[in-house]
Amino acid sequence: MTSEAITAASAGTWQLGDLTVNRIGFGAMRLTQDGAVFGADAVASDRDRAIRVLRRAVELGVNHIDTAAFYFSPLRSANELINRALAPYPDDLVITTKVGPGRDPSGEWLQARPDQLRGQVEENLRQLGRDHLDVVNLRVHGTDSIAERFGALAQLRDAGLIRHLGISNVRPEHLTEAQAIAPVVCVQNRYGIGARPEADDFLRTCGERGVAFVPFFAIAGDAREAGAGHTEHDVVQQVADAHGVSSAQIRLAWTLHRGPHVLAIPGTGNPDHLVANVAAGALRLTPDELARLDSVPRQT
């Protein structure tokens, strides 16, 4: 079977509350700029190509798209691209967005107060052309209590502006704190091969609680926003060569093997990379390969 024939359904599904998603999704962050530079100095992406990538993702069975109003560069907004490419939206498409951080028109970052979160939610609604948001993650910066901010989002959920809630860039105590306020359908954290042991523990905790764990930078690793251009670890490359696939595909497949509640949201503005990312959901790694990948040195 060629990569072109593989769809996002190959990795199986998970429930985000009452919403069923394929475990291979799509992250919209890289749609807005070419290269790894964000903010005022970013180079705007090719708009038509970005729209083609989004439409192709849906054709390949992707029904979970991760975005944010603060994903923008000069001339480009991820939400605007999603709206232009996919509205009217397919009935099964789940769009997850994030609030908390914000960026002013110059690209400078800010953190929203609890009373400012409604404005961020409404901005996402406007940009996406929706009357409600499927899933909203509270993106957290630091270790402070999230109760007041998450409580503000819970009120917006009760008002019908949000269907389900999640949290991002958090610690286990944040999940416990949030679940005492309202149901949490997903945790979105940095995670991938070589993650710290405590990250594995948190992933397992999410599974035990029926909460989806959604890694970001699963391909890029320590390169983060810069993407997958780093020198690959020998073990990862060896496993990739044995399967005749890229190391990025192995990294995605490894994360999906961590549990049925683990979702992948690889992002790209490249149509060929999109096809390869989706095809990674069909890769099946052997116990020996998984053990070798688990042996990659941990982050310190």
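The values are calculated or read from the model by the stated rules, or taken from the named source; none is laboratory data. This one's a predicted model, so the numbers in the text were calculated from it and none came from an experiment. Heads up, the Cβs are rebuilt from the backbone with ideal geometry, glycines too, and the neighbour counts pull from every protein chain shown.
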**Counted residues, the stretch 94-139 - those being of a type in the set (Ser, Thr, Tyr) and part of a strand (DSSP E or B)** = 2
**Request:** Could you look through the stretch 221-270, keep only residues that are in contact with a His (Cβ under 8 Å, 6 or more places away or on another chain) and either surrounded by fewer than 18 Cβ atoms within 10 Å (Cβ to Cβ) or over 25 Å from ARG56 (Cα atoms) (or both), and pick out the one that is modelled with the lowest pLDDT?
**Result:** ALA223
**Asked** Somewhere in the stretch 156-163, is a residue buried (at least 22 other Cβ atoms within 10 Å of the Cβ) and closer than 30 Å to PRO74 by Cβ?
**Response** yes
**Asked** What are the residues in the stretch 140-175 that are under 15 Å from ASN189 (Cβ atoms) and outside any loop (DSSP other than H, G, I, E, B), if any?
**Response** GLY166, ILE167, SER168, PRO172, GLU173, HIS174, LEU175
**Asked** Would it be correct to say that ILE82 is under 27 Å from ALA5 (Cα atoms), touching an Asp or Glu at 6+ places or on another chain (Cβ under 8 Å) and either part of a helix (DSSP H, G or I) or of a type in the set (A, V, I, L, M, F, W, C) (or both)?
**Response** no
